[in-house]
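Have a look at the structure below before the remarks.
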Amino acid sequence: MSLLDAAREVREMAYVPYSRFKVGAAVRGASGAIYRGCNVENVAYPEGTCAEAGAIAAMVAAGETELIEVAVIADSPSPVPPCGGCRQKLAEFGRHDTPVLLATTEGGTLATTVGELLPGRFDAGHMARAE
Ligand code: THU
């Protein structure tokens, strides 16, 4: 199964009673394994979590800390862009050139990279002087 198909499949599981906006994400770990996540909302709105966060959590829970490919899909007019927080989360485990495929349920796609999504990101190097 392709990474995008995995994201499409898990999207159906999204818990979205508030936004009605289902998102599916899948990441491929360095081992080749696929991890999936969907958005999970909460009546206390800020407590909701994004699909990307769920997929990353599944990857880390399985013992992997490097992702080599990402796919995200939603029913949106143009390929769904990860939110700012998810860009930082992807950057934690991906590299600058790690491919990210953004997609619509209608078949639209946009190929980008973790680095393109978050130029100038905060990383451990910025804490070099911290003790
Ligand atoms: N959402 C994601 O899960 N990923 C994205 O990349 C964009 C937004 C979710 C959060 C919330 O449940 C819903 O979409 C509307 O913002």
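Coordinate-derived values only; no laboratory data. As the structure is a computational prediction, the values presented were derived from the model and not from experiment. Cβ placement follows ideal geometry from the backbone for every residue including glycine, while neighbour counts extend to all protein chains displayed.
Listed here are the residues, each with its yes/no results for (1) away from the ligand (no atom under 14 Å from the Cβ); (2) within 20 Å of residue 14 (Cα to Cα).
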site	(1), (2)
54	no, yes
59	yes, yes
73	no, yes
89	no, yes
103	no, yes
117	no, no
129	yes, no
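Among the hydrophobic types (A, V, I, L, M, F, W, C), over 22 Å from residue 119 (Cα atoms) and within 14 Å of the chain's Cα centre (by Cα): is that true of residue 6 in this structure? For residue 6, the condition - among the hydrophobic types (A, V, I, L, M, F, W, C), over 22 Å from residue 119 (Cα atoms) and within 14 Å of the chain's Cα centre (by Cα) - is met. Considering only residues in the range 14-40 that are in a loop (DSSP other than H, G, I, E, B), among the aliphatic types (A, V, I, L, M) and more than 12 Å from the ligand (Cβ to nearest atom), the one that is nearest to residue 113 (Cα to Cα) turns out to be 30. Restricting to the range 51-65, name every residue that is closer than 17 Å to residue 81 by Cβ and either aromatic (Phe, Trp, Tyr) or surrounded by fewer than 21 Cβ atoms within 10 Å (Cβ to Cβ) (or both). Within the range 51-65, just 53 meets the criteria.
Being acidic (Asp, Glu), closer than 20 Å to residue 13 by Cα and touching a residue at least 12 places away in the same chain (Cβ under 8 Å) is a property that holds for residue 41.
So that you can scan it fast, the table gives a plain yes or no per residue for (1) over 15 Å from residue 23 (Cα atoms); (2) in contact (Cβ under 8 Å) with a residue 40 or more places away in the chain; (3) of a type outside the set (A, V, I, L, M):
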residue: 83; (1), (2), (3): no, no, yes
residue: 92; (1), (2), (3): yes, no, yes
residue: 101; (1), (2), (3): no, yes, no
residue: 107; (1), (2), (3): no, no, yes
residue: 113; (1), (2), (3): yes, no, yes
residue: 117; (1), (2), (3): yes, no, no
residue: 120; (1), (2), (3): yes, no, yes
residue: 130; (1), (2), (3): yes, no, no
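Please work out if residue 7 is surrounded by 13 or more Cβ atoms within 10 Å (Cβ to Cβ), of a type in the set (A, V, I, L, M, F, W, C) and more than 27 Å from residue 123 (Cα to Cα). Here the answer is yes, as residue 7 does meet what is asked. Restricting attention to the range 75-131 and to residues that are more than 24 Å from residue 61 (Cα to Cα) and of a type in the set (Val, Ile, Thr), the residue that is surrounded by the most Cβ atoms within 10 Å (Cβ to Cβ) turns out to be 80.
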